[in-house]
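The values are calculated or read from the model by the stated rules, or taken from the named source; none is laboratory data. In this text the structure is predicted, and so the values were computed from the model without any measurement. Please note: Cβ atoms are built from the backbone with ideal geometry, for glycine as well, and neighbour counts cover all protein chains shown. In case anyone asks, the SASA skips ligands and DNA or RNA and just uses the protein heavy atoms, side chains included. Shrake-Rupley method; radii C 1.70, N 1.55, O 1.52, S 1.80 Å.
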Amino acid sequence: MTDLFAKLAVEPSRESMAEGATLLRGFALSLEGQILPGLRSVIAEAPFRHMVTPGGYTMSVAMTNCGAAGWVTDRSGYRYDRLDPESGKPWPPLPSSFLDLAIAAATEAGYPDFRPDACLINRYEPGARLSLHQDKDERDFSHPIVSVSLGLPATFQFGGPNRTDPIRKYALRHGDVVVWGGPSRLFYHGVTELKDGEHETLGRMRINLTFRRAR
Ligand code: SIN
Ligand code: FE2
């Protein structure tokens, strides 16, 4: 019985969120042992920082990147940049475990040709949130977004093509992967204020890996 419940808790499953959008529950769990060391080495080279929006607001979510291009924001705008503005050096490369996970998840969700060149890494501490937005700084919207949740659970908001469209909420847990592309590629999404808690491997935080094809 105990074994059965343990299996049910981690058995990957898929849930359709909208046309082109799929929630793959527990999809990253089997790769956790490779993903976490990859994350540690990226962060050692390119530490988390709180970026500033063009409007002058300091984001509550701390960010870093790996890959050929990294998403950055400052007073001059949002963009992808080959270089980490803090170090002046290229962002660390995508660890092979990150690439494997992103490609496997995209394939599972119906996008077998996805090859990310950018991974934005978001760190949410209790109270941090990401307001409703579209991912639209990428060159070609025919590529999907692959988003991996690690650590504390969060409430993910997923709406439609207009900011005022009805929003559905999804509880995302450690190991869940959301893929959105095709007709839902430009759908509004966000994360509500992170509740305090303690995750057994990551502690008091949620980490989100967002894979994109930026260029
Ligand atoms: C994002 O929209 O870039 C991040 C979404 C998330 O943290 O789940
Ligand atoms: Fe986003």
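Just to confirm the filter: which chymotrypsin sites (Phe, Trp or Tyr not before Pro) across the range 55-148 are DSSP coil and have at most 14 other Cβ within 10 angstrom of their Cβ? Answer by residue number: Y57.
By a 1.4 Å probe calculation restricted to protein chains, T73 has an accessible surface near 10 Å², given to the nearest 10.
Given q = 0.09, 0.19 Å⁻¹, what are the Debye log10 I(q)/I(0) values for the range 97-215, with equal point scatterers placed on the Cα positions and solvent ignored? Ignoring solvent entirely, the Cα scatterers give -0.23, -1.04. At q = 0.08, 0.12, 0.16 Å⁻¹ the log10 of I(q)/I(0) for the chain amounts to -0.25, -0.59, -1.12, computed by Debye summation with a single uniform scatterer per C-alpha, solvent ignored. Ranking T64, I43, V179 by how far each Cα lies toward the positive end of the dipole of the chain (charges on Cβ) leaves T64 at the top. Per the Debye calculation on the range 39-145 with a single equal scatterer at every Cα and no solvent contribution, log₁₀ I(q)/I(0) for q = 0.17 Å⁻¹ amounts to -0.88.
Taking every alpha-carbon pair in the range 18-89 and binning the separations at 10 Å intervals from zero gives 16, 37, 32, 15, 0 percent.
The dipole here belongs to the range 1-127: it is taken about the Cα centre, uses +1 on the Cβ of Lys and Arg and -1 on the Cβ of Asp and Glu, and is about 300 debye. In the chain, taking the dipole from charged Cβ atoms about the Cα centre, the farthest positive-side position among F156, Y188, G33 is held by Y188.
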